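Quick notes on the structure that follows.
The values are calculated or read from the model by the stated rules, or taken from the named source; none is laboratory data. Everything numeric here is computed off the predicted structure, so don't read it as measured data. Here the Cβ is made from the backbone with ideal geometry for all residues, glycine too, and neighbour counts use every protein chain on show.
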Amino acid sequence: MRIYKCLNTNQFSEGNYTLAPIRDEDKYDILNWRNSQIDILRQQEAITKEQQDYYFDTTIAQLFEQEKPKQLLFSFLLDDKLIGYGGLVHIDWVKKTAEISFLTETSRSQSKEIFISDWINYLSLLKKVADNVLNFNSIFTFAYDIRPNLYIALEASGFKETSRIKQHIKINEEFKDAVIHTFYFKRLQMRLAQLNDIDLYFDWANDTLVRSNSYNNEKIEYTQHVNWFKNKLNSNNCFFYLFLNETNPIGQVRIENLDNEIIIGISIDKKYRGKGFGVEMLEQASENYLNQNPTKEITAYIKTENTASINLFTKAGFIKTDSVVQNGFKSFKFKKTKDK
């Protein structure tokens, strides 16, 4: 069995299912599956045996020599028999994210029950690779909207639709959406803020990016901050959620009842931006609040030019409901309620 250098465990099993580093002996089965299911793949034309041989001899072989390869591919076995293949592709080793690739044997993909079962078991094993071994933040699928059974398997496995690209591709003379489903691994610990966090919050509040995205751009004076922080900390209408990665403070989410509207805001320490923590922070904080207040809805106001926050809140399950002018700025209004 070939070994990936970045994995301290290379074979993963659960029940009768196994993931093993992709085997050279499986290349022609994979070739046949890809050519017979070309419509669901980002593959333009049929692959020849010569092309498959070259791909395995070069691209695949090199994966086992690299410390941080761009993809980790596996053979998927049931009772030691090959039934599929796939893995983690387009790996971002900095953000610790990867796209999921998976293809089952053609006849198995034509049975709804078998297809869903294969996907659920495959995703369970792949989570072990991404979470337990690689300590990734998230994994996602990018799929054309032609396989509703895939969404059943993804949702049963804890994945959520995080993006949809309308009419992305033309298949059989009909335009179809591309849909992204994401699974976020919990990497953060959450607690309520305490008085000794006052300086930490002061630094975050006066961060240049935070001030520019805020509806009040003025720098905050320390005395003003101390009074504000103490009042909010003692208020029953304000929840300060502080997030840590091990012992390192990552950022904060504030949920507050203001004029009978539940407003949410987030800020992330500049050292940890772009690492995929924001979605988990919003999800954990809003879930905690809505579990305690199940009839409430949480509102976010975001300036229209703040595309990073718009994408962040969308991925965290907030729905854009309106375009408004908030404090003199053109803004979008987002809402989130408790999942039914």
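Worth pointing out:
- Looking only at residues of region 268-278 that are surrounded by 14 or more Cβ atoms within 10 Å (Cβ to Cβ) and assigned to a loop (DSSP other than H, G, I, E, B), we find that the one that is nearest to the chain's Cα centre (by Cα) is Gly276.
- Summed over region 240-263, residues that are touching a Lys or Arg at 6+ places or on another chain (Cβ under 7 Å) and either among the acidic types (Asp, Glu) or under 23 Å from Lys335 (Cα atoms) (or both) total 3.
- Residue match in region 54-63 (condition: at positive phi and without any contact (Cβ under 8 Å) to a residue 24 or more places away in the chain): no
- Residue under evaluation Leu150, criteria (1) surrounded by fewer than 18 Cβ atoms within 10 Å (Cβ to Cβ); (2) assigned to a helix (DSSP H, G or I); (3) of a type in the set (A, V, I, L, M), criterion not met: (1)
- Matching residues in region 245-255 - criterion: being surrounded by fewer than 17 Cβ atoms within 10 Å (Cβ to Cβ) and either modelled with pLDDT of 95 or more or more than 16 Å from Asp197 (Cβ to Cβ) (or both): Glu246
- Considering region 283-306, and only residues there that are under 12 Å from Gly317 (Cα atoms) and among the charged types (D, E, K, R), the residue that is farthest from the chain's Cα centre (by Cα) turns out to be Glu287.
- Test: residue in region 44-60 that is touching a helix residue (DSSP H, G or I) at 6+ places or on another chain (Cβ under 9 Å), part of a helix (DSSP H, G or I) and closer than 18 Å to Phe142 by Cβ: no
- Checking every residue in region 119-127 against the condition of being in a helix (DSSP H, G or I), of a type in the set (Lys, Arg), at pLDDT 95 or above and surrounded by fewer than 21 Cβ atoms within 10 Å (Cβ to Cβ) gives at least one match.
- Filtering region 234-243 to residues that are at pLDDT below 95 and more than 16 Å from Ile262 (Cα to Cα) leaves only Asn234.
Table: residues versus (1) assigned to a strand (DSSP E or B); (2) more than 26 Å from Thr141 (Cβ to Cβ); (3) assigned by TED's automatic domain parsing to the domain that holds Ser163.
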| position | (1), (2), (3) |
| --- | --- |
| Ile263 | yes, yes, no |
| Glu280 | no, no, no |
| Glu287 | no, no, no |
| Ala300 | yes, yes, no |
| Glu305 | no, yes, no |
| Ile310 | no, no, no |
| Phe313 | no, no, no |
| Gly317 | no, no, no |
| Lys320 | yes, no, no |
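- Members of region 200-219 found to be farther than 13 Å from Ile266 by Cβ, touching a helix residue (DSSP H, G or I) at 6+ places or on another chain (Cβ under 9 Å) and surrounded by fewer than 16 Cβ atoms within 10 Å (Cβ to Cβ), listed by number: Asn206, Thr208, Arg211, Asn217, Glu218, Lys219
- Region 1-41: number of residues that are without any contact (Cβ under 8 Å) to a residue 12 or more places away in the chain and closer than 21 Å to Arg108 by Cβ: 2
- Some residue of region 332-339 being in contact (Cβ under 8 Å) with a residue 24 or more places away in the chain, under 15 Å from Arg254 (Cβ atoms) and among the basic types (Lys, Arg): yes
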